[in-house]
Structure formats: structure tokens, C-alpha cells
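Data block below; observations after.
The values are calculated or read from the model by the stated rules, or taken from the named source; none is laboratory data. These figures come from a predicted structure and were not determined experimentally. Cβ placement follows ideal geometry from the backbone for every residue including glycine, while neighbour counts extend to all protein chains displayed.
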Amino acid sequence: MINRRIFLITCFFGLIAACNRKGAIPVATATPAAVKSQIRLYSAEKKGYIMSDKVFKSETEWRKLLTPEQYNVAREQGTEQAFTGETWNNHEHGIYQCVCCGNDLYRSEEKYESGTGWPSFWQPIAPENVTTREDNSFFSRRTEVTCSRCAAHLGHVFNDGPKPTGLRYCMNSAAMKFVKTP
Ligand SMILES: [Zn+2]
């Protein structure tokens, strides 16, 4: 009788141990592969392409990093008022980076006077660094431009830009930080 009880108790704890092991294995091996997602981006500093991890943060984390206006534009698809941003009239030589993750977006060489009051460019630093998608909000069909690394909303792209591309990347100053280069 005692032997039988010991046998049952041993089986019971053995089963629990086996279940725990079973549960632990997939979690430990699956997490790193599922979270990491590398993309190819152009780096102005490296003067070439690099592999970079995509950036994912919670709303709370973004709010800690950004000012309320930066958060509204970059994370909530807001639009700053024309002629109010820091860089619509900036003529200095440098790189425009994503305010959220530092991804290089535009060069001063491709900035031009669009007369709109928003910083405008005829092409991004590299096609890979920005992502476009259809935006049908506000009863209009526009093409939204986002950061390829962290999905920040940057602005919209239109077909009324100058040569050679004919494109106008209409950006928000609040979604970018300007880094002066020699
Ligand atoms: Zn970004």
C-alpha cells in the first residue's frame, strides 16, 4: 500500500516536471527569432547600406522620448501647421533623420522651395529608408510616407514635384531632426 502511494506521488511530480519542461522549450527558442526583424537601410555616416533592426516601442515609451508635437505628428499621423516647423526654411547643409529612431531620411541637396511651408524634397536619401502606402483619410486619396525602421508618420508624397523625379515629399519638421554636416 505504501509502495503504491509512493509510486503515485512520484508519477504525479514526474508529470508536472515533464509538463514544465515541455512548456519552457518553445518559449525560450522562439522569442529572439520572432522579435528580431532586420531591414536593409542606407546610412549617410557609413556611406553605404547596412543591416538594421526595426524599432518597436510602446505608446508610453514613445511619449517619454518625444515632445507632444513630435508624438502627435510621428505616432498619430498629425500634421504641423504650415510655416511653423523648424526646417521648412532651413538652407543649411546636412541630413534629415527620423526624430523617433535616427534613420537617415533626406539630404539637403534634395530639398527645394515648394512654397508650401513644409520641408519638401524631390527624393529620399535612398528608396529603402522610407515606405509609402495609400492613405484615404480626410476623404482624399494621398500617399503616406513613413520611416522604414520605426513606422513613424513623416508626411505625404505628391506628383507635382520638380525634375528629375517629379515628386514632392511633403514632410513635417516635427517628424525629423536635422543634423548639420560639413
Ligand atoms: Zn524612424
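Among the candidates 160, 104, 135, the residue that is modelled with pLDDT under 95 and acidic (Asp, Glu) is uniquely 135. Among the residues of segment 35-67, those that are surrounded by 14 or more Cβ atoms within 10 Å (Cβ to Cβ) and part of a loop (DSSP other than H, G, I, E, B) comprise 44, 54, 55, 57, 66.
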